[in-house]
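Okay, structure first, notes after.
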Amino acid sequence: MSARRSRSSPSRVRPGSPVRSCASAASPSWAPSPMSRMIELTSTPALVKLYAAAVATSRGRGGKSPLPDVQVVRSGIHVDPAHLADYDQVCGFALRDELPATYLHNLAFPLQVTLFVDKGYPYPLTGSVHLANRLIQHRPVRLAEELTVRVRAENARPHRSGVQVDVVSQAHVGDELVWEGLATYLYRGQQMEGEAQPRPPEPEAVSGAGATWRLPGDLGRRFAGVSGDINPIHLHPLTAKAMGFPRAIVHGMWSQAAMLAGIESRLPPAYVADMSFRKPVLIPGTATFVAHRAPDGSWDLALRNPKKDTVLVRGAVTPAIAVSNFVNGEVVG
């Protein structure tokens, strides 16, 4: 790992123990109930239009209703090789015919936002925060494979700053489950009954040599170009300041992608990757990437502020012989 390069404690599966395999078809919790509703998309919606709808409908969402029993589904997805190459370049992955696990999240995210703007979804997208992200790669996904992606929301629960919700995504090739994602979002200022979990302790420092990443000011716009996510906090200092930040901040999914790209050549075929987004990564700026590999093949990852020596993003990668489906938002180990 070079000492300097330019680049455009989360929950963990128990290290060292293979994760039990479930059926390769969809998890039973995805089976539609008699009252469930399915939104089937024939094309990927533009995030610009979805964000406009989110702003227009935000005032009518007061968080008083339960999460809707809704699935958003898009089948027949074919990845554009040129788009994948652009994504790989922005995030630091090698150019090849495999989809990075974070690219699958890229495919699922427009479906997530479709769910967020659905009339039955109780929480406003505006002002929400992406707290953590878990990715499960069951096996490498090839560029030429046709995908079906499904998304649903579950497990709304109190948070000390509002309400947090898990959004579960799955990708299939035919009937084979090849990838899953669990994105945890915080809706600040919302309320629900119950006791919030206490603030987690500060994670231990990740040992190992660090690489200094220089993050250019246009990184947010470059990532927006390949992700479609045009959130103003990532695009320009002026729009970020209007949202309360001193300058633009890196998108959390770029951070997760870049950190996985940093150990890409040593990732196993099947793994669980957890990231918790602890503090904003300001751009332009520098960050220190630290990666430590344990004897069991698991990784501890961190992105740190080199001036303040604080953790910005904390990650963990756990190899798995066969990775399970999600069961109630958890990985069975």
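Just the residues that are closer than 11 Å to Leu125 by Cα, not aliphatic (A, V, I, L, M) and not in a loop (DSSP other than H, G, I, E, B), please, taken from the stretch 51-82.
Filtering the stretch 51-82 down to residues closer than 11 Å to Leu125 by Cα leaves 51-59, 61.
Filter again for not aliphatic (A, V, I, L, M), leaving 51, 57-59, 61.
Listed by number, the residues that qualify are Tyr51, Thr57, Ser58, Arg59.
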Filter result for the condition that a residue is hydrophobic (A, V, I, L, M, F, W, C), under 24 Å from Met243 (Cα atoms) and surrounded by fewer than 16 Cβ atoms within 10 Å (Cβ to Cβ), over Val163, Val129, Val113 | Val129
Only one of these conditions is not met by Arg96: (1) basic (Lys, Arg); (2) surrounded by 21 or more Cβ atoms within 10 Å (Cβ to Cβ); (3) under 29 Å from Pro216 (Cβ atoms). Which number is it?
-> (2)
Considering the stretch 93-117 alone, what residues qualify as being over 15 Å from Leu260 (Cβ atoms) and in a helix (DSSP H, G or I)?
-> Leu107, Ala108, Phe109, Pro110, Leu111, Gln112, Val113, Thr114, Leu115, Phe116
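Looking for whichever is assigned to a strand (DSSP E or B) and either modelled with pLDDT under 95 or surrounded by 24 or more Cβ atoms within 10 Å (Cβ to Cβ) (or both) here; the options are Met275, Met259. Which one fits? Steps first, please.
Numbers: Met259 fails: assigned to a strand (DSSP E or B).
Exactly one residue qualifies, and that residue is Met275.
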Tally, over the stretch 171-202, of residues that are in a loop (DSSP other than H, G, I, E, B) and of a type outside the set (Asp, Glu) | 12
Could you check Ala153 against (1) closer than 20 Å to Met192 by Cα; (2) hydrophobic (A, V, I, L, M, F, W, C); (3) at pLDDT 95 or above; (4) surrounded by fewer than 22 Cβ atoms within 10 Å (Cβ to Cβ) and say which number it fails?
-> (4)
The stretch 191-224, residues that are touching a helix residue (DSSP H, G or I) at 6+ places or on another chain (Cβ under 7 Å) and over 14 Å from Val281 (Cβ atoms) = Arg222, Ala224
The stretch 202-227, residues that are surrounded by 19 or more Cβ atoms within 10 Å (Cβ to Cβ) and either on the phi > 0 side of the Ramachandran plot or not hydrophobic (A, V, I, L, M, F, W, C) (or both) = Gly220, Ser227
Residue check, Thr102 against (1) surrounded by fewer than 23 Cβ atoms within 10 Å (Cβ to Cβ); (2) farther than 17 Å from His78 by Cβ, all met but one. Which one?
-> (1)
Out of the residues in the stretch 212-235 that are touching a Gly at 6+ places or on another chain (Cβ under 7 Å) and outside any helix (DSSP H, G or I), which is farthest from Leu303 (Cα to Cα)?
-> Leu235
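The values are calculated or read from the model by the stated rules, or taken from the named source; none is laboratory data. What you see is a predicted model; the values in this text were computed from it and never measured. Every residue, glycine among them, receives a Cβ derived from its backbone with ideal geometry; neighbour counts consider all protein chains shown.
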